[in-house]
Amino acid sequence: ADGLSGRHPQWYPPCNHADIYRHHPKIQLVSGCSRSMAKREYFQDKYPSVTVYQDYVDLLSQEQIDIISVATPATCHAEIVIAAAEAGVKGIYCEKAMATSLIECDKMIRACQDYGSTLIINHQRRWDNHYIALKHFLDKGDLGDLQTVQISFGNGSLCRGGSHWFDLALMLVDDKIATGLGWLSDPHEFDPGGIGIFETEKGIRIVIDGSIGMNHSCQVDIIGKNGIIRIIDDGFQFELWRLDPESEFGLMAKYHLPISYSVSSPMLNAIDNLIDSLQTGNKPQSSGHDGRAAFEMISAIHLSHFDDRKNIPFPIQNRELVINSD
């Protein structure tokens, strides 16, 4: 499918898979595929010069392609990614959530390793210049040792939209999860919301609340020893708070956050990163391992919920749990 909308298209064009290939100077869009007749017709009308297929098997057998996007529901990701790797596709750009189970994630990573394919997962903040600039600021140590990352987001769906925020937390802490627990807010719904509490191997705490009932865009508090950075409205506002040295009551004051960045499409940046990885062998900024790590956090919430909210050690041993999402 074409991925018809995308993230903030008015600020980040192009922001869907087909358009980034059409706009990228080093890539030619040659084909598309969808099981939906309506989407195939739309795709053909929008991109009349490309060939449109109903079955990805036909696309892979008849086209000589270097890069493929898998912009389907997560229930199809594993089968298509593995088939693309087996067909010799060298660059695979897969939507989030990465898959529907940890064992699917494992198989996707293994297939790409076995057949020499580079897999990236569309967690866009890893290619978003202002989040990259924020990470550079944190890495300089001006906030002091990182203590806690607290994230909340609306719309109550841990996998489809929430996957971004689990990955962002991992990007910010730059550490592996040691343990986690949580519970679901609407456990019998498709791709339910919920809350997770995690600790990394270095002792950094992560709290992510995507429970049903909230409708705000994402808010993030990054708490260090020397202050707090607050991200509001998915990064359109960054605030730096430190203890006010002139306050006798230990109050905090807001300061200018000294970061600068260029504004460009994260998805175009992703393709640049994928091409670089193919040419140099460097690890991409959002790899299959990164995508699996985010999905593993979501899996821990599900497992903990149905086991009396017990702590789940990482790496998770139950890799068969299925969590379906769009």
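Annotations for the structure displayed:
- For ARG230, the criteria (1) surrounded by 14 or more Cβ atoms within 10 Å (Cβ to Cβ); (2) of a type outside the set (A, V, I, L, M); (3) within 18 Å of the chain's Cα centre (by Cα) hold in every case but one, which is (3).
- Subset of the range 171-185 [crowded, with 21+ Cβ neighbours inside 10 Å and in contact with a Phe, Trp or Tyr (Cβ under 7 Å, 6 or more places away or on another chain)]: ILE177, GLY180
- Matching residues in the range 297-312 - criterion: being closer than 17 Å to LEU170 by Cβ and either out of contact with any Lys or Arg (no Cβ under 9 Å at 6 or more places or on another chain) or in the same structural domain as CYS112 (by TED's automatic domain parsing) (or both): MET297, ILE298, ALA300, ILE301, ILE312
- Within the option set GLY193, GLY161, GLY156, GLY213, being crowded, with 23+ Cβ neighbours inside 10 Å and more than 26 Å from ARG242 (Cα to Cα) holds for one residue only, GLY193.
Condition check ((1) outside the structural domain of ILE223 (by TED's automatic domain parsing); (2) hydroxyl-bearing (Ser, Thr, Tyr); (3) under 15 Å from the mean Cα position of the chain (by Cα)) across all residues:
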residue: THR118; (1), (2), (3): yes, yes, no
residue: HIS136; (1), (2), (3): no, no, no
residue: LYS140; (1), (2), (3): no, no, no
residue: MET171; (1), (2), (3): no, no, yes
residue: ASP174; (1), (2), (3): no, no, yes
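- For the range 261-275, the set of residues classified as closer than 15 Å to ILE92 by Cβ and not hydrophobic (A, V, I, L, M, F, W, C) consists of ASN273 only.
- Count of residues meeting criterion [of a type outside the set (Val, Ile, Thr) and either free of Cβ contacts under 8 Å to residues at least 12 places away in the same chain or outside any helix (DSSP H, G or I) (or both)] in the range 291-318: 11
- Restricting attention to the range 44-94, the residues that are within 27 Å of the chain's Cα centre (by Cα), of a type in the set (Ser, Thr, Tyr) and surrounded by fewer than 18 Cβ atoms within 10 Å (Cβ to Cβ) add up to 1.
- Output for the range 247-290, where each listed residue is in contact with a Ser or Thr (Cβ under 9 Å, 6 or more places away or on another chain) and in a strand (DSSP E or B): ALA253, SER287
- Of the residues making up the range 79-134, those that are out of contact with any strand residue (DSSP E or B) (no Cβ under 7 Å at 6 or more places or on another chain), within 19 Å of ASP234 (Cα to Cα) and among the basic types (Lys, Arg) are ARG125, ARG126.
- Among the candidates GLY250, GLY235, GLY203, GLY224, the residue that is in contact with a Gly (Cβ under 8 Å, 6 or more places away or on another chain) and in the same structural domain as VAL149 (by TED's automatic domain parsing) is uniquely GLY224.
- When the criteria are applied in full, LEU240 fails the requirement of being over 27 Å from GLY180 (Cβ atoms), surrounded by 19 or more Cβ atoms within 10 Å (Cβ to Cβ) and in contact with a Gly (Cβ under 6 Å, 6 or more places away or on another chain).
- Restricting attention to the range 10-39, the residues being in a helix (DSSP H, G or I) and under 20 Å from the mean Cα position of the chain (by Cα) number 5.
The values are calculated or read from the model by the stated rules, or taken from the named source; none is laboratory data. All figures in this text were calculated on a predicted structure; none of them were measured in a lab. Because the Cβ atoms are built from the backbone with ideal geometry, glycine has one as well, and the counts that use them run over all protein chains shown.
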